[in-house]
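Colleague: Sharing a structure with you now.
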Amino acid sequence: MIAPRGKVERAFAGAERYEENAPVQREVARALAARIAALSLPAAPRLLEIGCGTGFLTSALLEAGLRGDWLVTDLSPAMLERCRARIGEAPGRRFAPLDGEHGDPGERGFDLIVSSLAMQWFDAAPTALERLRGWLAPGGHLVVTTLGAGTFAEWRAAHAAQRLTPGTPRFLPPETFAALPQAQVSVDEHRQPFADARAFLRAVKAIGAGTAHPDHVPLAPADLRAVMAQFEGNGSTATYEVVTIHLTSTR
């Protein structure tokens with residue numbers, strides 16, 4: 001899909017200014033936590049979080065009053081440690097590095113598996129979701145958000161106006177996830193304004209999304225300046241298309 005595994009991990013490990021450049025990610029995590037808190041769950045659910053990042057969703061779930069036996073994971077050990085430092089150690093709360101797409105936590109029977117804006121980095125997210133669904137306990141829920149194909153539409157439009165192709169990641173359309181058996185899928189758009197094109201590019205890099213897809217050829221400096229001018233002329237705003245997917249156990 002988008003980038004080799006190691007490049008994605010290194011991108012997030014180097015995203016030192018992630019939180020100050022991630023207002024949309026914070027907003028999405030809070031909305032997802034509210035949705036999860038409204039589910040019918042056991043009093044102390046067994047929870048697995050995939051791609052915890054710096055802990056936006058983890059913190060929001062705690063603030064929503066969710067408790068239980070938690071296994072909090074991330075592909076990036078650096079991000080995992082930031083999450084651990086953010087929310088702290090506690091009984092029933094474990095942290096472990098895990099490749100959510102290809103790894104195995106060595107456990108099954110989760111009442112709840114969650115992830116906020118991490119699965120867009122998977123090579124085959126629909127296949128991974130079905131694999132994760134198999135880890136649920138009977139009656140369990142898998143609830144995640146990911147970025148859809150409409151993300152960064154303004155940046156792509158600025159390239160198209162110059163007859164150029166952007167290197168930004170290619171995300172899957174919501175219809176791909178709606179095709180999963182018994183999937184509940186919803187789509188929301190979040191728009192983030194920027195001072196200019198440079199601010200947008202800095203933010204994209206800071207949140208770990210600056211890794212171009214493998215077949216991208218970098219633009220010549222003059223072409224990049226033209227794209228940046230076009231982006232700024234269109235308002236310097238970037239859209240995040242957020243896809244929420246809710247799957248339940250088939251057992």
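Colleague: Please count how many residues of region 1-43 are under 25 Å from Pro97 (Cβ atoms), small (Gly, Ala, Ser) and modelled with pLDDT of 95 or more.
Modeller: Total satisfying the criteria: 2.
Colleague: I need the full set of residues from region 69-109 which are at pLDDT below 95 and of a type in the set (Val, Ile, Thr), in order please.
Modeller: Of everything in region 69-109, just one residue is at pLDDT below 95 and of a type in the set (Val, Ile, Thr), namely Ile87.
Colleague: So for region 242-251 (the condition being free of Cβ contacts under 8 Å to residues at least 40 places away in the same chain and under 25 Å from the mean Cα position of the chain (by Cα)), does at least one residue qualify?
Modeller: For region 242-251, residues free of Cβ contacts under 8 Å to residues at least 40 places away in the same chain and under 25 Å from the mean Cα position of the chain (by Cα): absent.
Colleague: Ala137 is checked against (1) out of contact with any Phe, Trp or Tyr (no Cβ under 9 Å at 6 or more places or on another chain); (2) surrounded by 15 or more Cβ atoms within 10 Å (Cβ to Cβ) and fails just one. What number does that condition carry?
Modeller: Every condition holds for Ala137 apart from (1).
Colleague: Inspect all residues belonging to region 217-238 and state whether any of them is assigned to a strand (DSSP E or B), more than 19 Å from Leu147 (Cα to Cα) and in contact with a strand residue (DSSP E or B) (Cβ under 9 Å, 6 or more places away or on another chain).
Modeller: No; the residues of region 217-238 include none that is assigned to a strand (DSSP E or B), more than 19 Å from Leu147 (Cα to Cα) and in contact with a strand residue (DSSP E or B) (Cβ under 9 Å, 6 or more places away or on another chain).
Colleague: A further question follows. Across region 199-248, what is the number of residues that are crowded, with 19+ Cβ neighbours inside 10 Å, among the polar types (S, T, N, Q) and in contact with a His (Cβ under 9 Å, 6 or more places away or on another chain)?
Modeller: Number satisfying all stated conditions: 1.
To keep it simple, each residue is scored yes or no on (1) of a type in the set (S, T, N, Q); (2) touching an Asp or Glu at 6+ places or on another chain (Cβ under 9 Å); (3) assigned to a loop (DSSP other than H, G, I, E, B).
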{"position": "His141", "(1), (2), (3)": "no, yes, no"}
{"position": "Thr151", "(1), (2), (3)": "yes, yes, yes"}
{"position": "Glu154", "(1), (2), (3)": "no, no, no"}
{"position": "Ala158", "(1), (2), (3)": "no, yes, no"}
{"position": "Pro166", "(1), (2), (3)": "no, no, yes"}
{"position": "Val185", "(1), (2), (3)": "no, yes, no"}
{"position": "Asp188", "(1), (2), (3)": "no, yes, no"}
{"position": "Val204", "(1), (2), (3)": "no, no, no"}
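Colleague: What single numbered condition from (1) aliphatic (A, V, I, L, M); (2) exposed (fewer than 15 other Cβ atoms within 10 Å of the Cβ); (3) more than 27 Å from Ala37 (Cα to Cα); (4) modelled with pLDDT of 95 or more fails to hold for Ala158?
Modeller: Exception for Ala158: condition (2).
The values are calculated or read from the model by the stated rules, or taken from the named source; none is laboratory data. If you're wondering where the values come from, they're calculated on a predicted model, not measured in any experiment. A quick note on method: Cβ atoms are made from the backbone with ideal geometry, for glycine too, and the neighbour counts reach across all protein chains shown.
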